[in-house]
Each structure stands twice: as structure tokens, then as C-alpha cells.
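Scroll down for the structure; my scribbles are underneath it.
The values are calculated or read from the model by the stated rules, or taken from the named source; none is laboratory data. Just so you know, these numbers come straight off a predicted model, no measurement behind them. Note that we place each Cβ from the backbone using ideal geometry, even for glycine, and neighbour counts take in every protein chain shown. Ligands, DNA and RNA are excluded from the accessible area calculation, which covers all protein heavy atoms including side chains. Shrake-Rupley method; radii C 1.70, N 1.55, O 1.52, S 1.80 Å.
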Amino acid sequence: MTPRHWDAHGPDDDLADLAGLAGTPIRSPTEASRVLRLLVGPESRGPAALWCVLLDADDRLLPFVLAISDRPLAPDAGFADLLCDDLASLLEHHAVGGSVVAALVGDADEDVCDQLTWSTALERSAERAGVPLAAVVTVGPHGPTVLVPWTPSRCAGEEPDPGGWPEG
């Protein structure tokens, strides 16, 4: 296996606004989309990327973003597993009892099937690694969508719609 190295110089270099958002409660699909849109900013029109944010045990945003630039349109074999193993370690050390919100970011030429393939891969890997995945959202120039909503027990006041969580 090749060693993993997450690039420290990429789309997350300009996250000065994260400090102002740290501690923001994210307790619904709408809040997840709104906060990720604010964090991603103009990167939503850039190349395909994957952003992950950590929430503490009280569903508050921690001052940490993992942004992986140039993600493939379809997940590589094992990529989601490696990512979720690293996320499990981060949660164990920095957010015991916390969870992760993942965002498929960018102006990629992908359709809903491509996005759902990513979402499914992330869900399976997160379950295997013991990573509570609060939501998977898309953030792009065509507007946000929540692919994996909170379960009713984690969602404050919003019930999942069987058709998904399209956001305006």
C-alpha cells in the first residue's frame, strides 16, 4: 500500500471564515448545506473535490476541514475506506462522540448516479470504520443537494423526505 499524504496546499488554504463558523450547530440537512456552501465559497465552481468537516458530540462545527482536490468522478477502490479510516482517527482524537459531514464539491460533469455512487461508497466505508456520517451534500454551481440526510433521531425538527433533500 502506498503511504497516504493529504495535501496541505489546496482548495482549503483560504478558510479564514472557518474561525467565524466554528461552533455553529449543524443539526439538519438545511444547516449542513448552508454551512458547507459558506465554507466552500467560490470553490463550488472549481474542479471536483471532496470536503469533510467534523462535528463535535453536540453537532457543532469544529475548526477543521479536510479538502481533497481533484477527486475522481467515481470513487477509487479503497479510497473511501482510507479516507474513513483517517476520519475515524480524527474523531477519536479530536471529537469523541462527533460525526462527519462530507461534501461533493465542484463543477464536475457528473450526474446524480455519479453522486449517489460516491454517497454509497462513503456510507459503506463510514459504517465499516465506525464513522458517524451525519450527511453527504453536494455543493456546486447548480445548487446544493443533500444525498444522505440525518436519521430522524439525529435531526432536530426535520423528517427525511423519501425523495431526498433538495435544497434551493
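Remark: the ARG34-LEU116 segment gains 27.5 nm on full extension, using 0.36 nm per residue and subtracting the alpha carbon distance.
Summarising the label geometry, the points placed 7 Å from Cα in the beta-carbon direction at VAL96 and PHE64 lie 1.4 nm from one another.
Give, in nm to one decimal, the length gained when the segment between ASP107 and LEU73 is fully stretched (0.36 nm per residue of separation minus the Cα-Cα distance).
Working: separation 34, 0.36 × 34 = 12.24 nm, distance 1.10 nm.
Result: 11.1 nm gained on full extension.
Using a 1.4 angstrom probe on the protein heavy atoms only, could you order GLU123, GLU92 from most to least accessible area?
Details: GLU123 85, GLU92 130 Å².
I get GLU92, GLU123, largest accessible area first.
Charge dipole (Cα centre; +1 on Lys/Arg Cβ, -1 on Asp/Glu Cβ; no other charges) of the stretch 101-153 amounts to roughly 320 debye. Accessible area per residue for the stretch 48-96 is 42 Å², calculated with a 1.4 Å probe on protein heavy atoms, without ligands, DNA or RNA.
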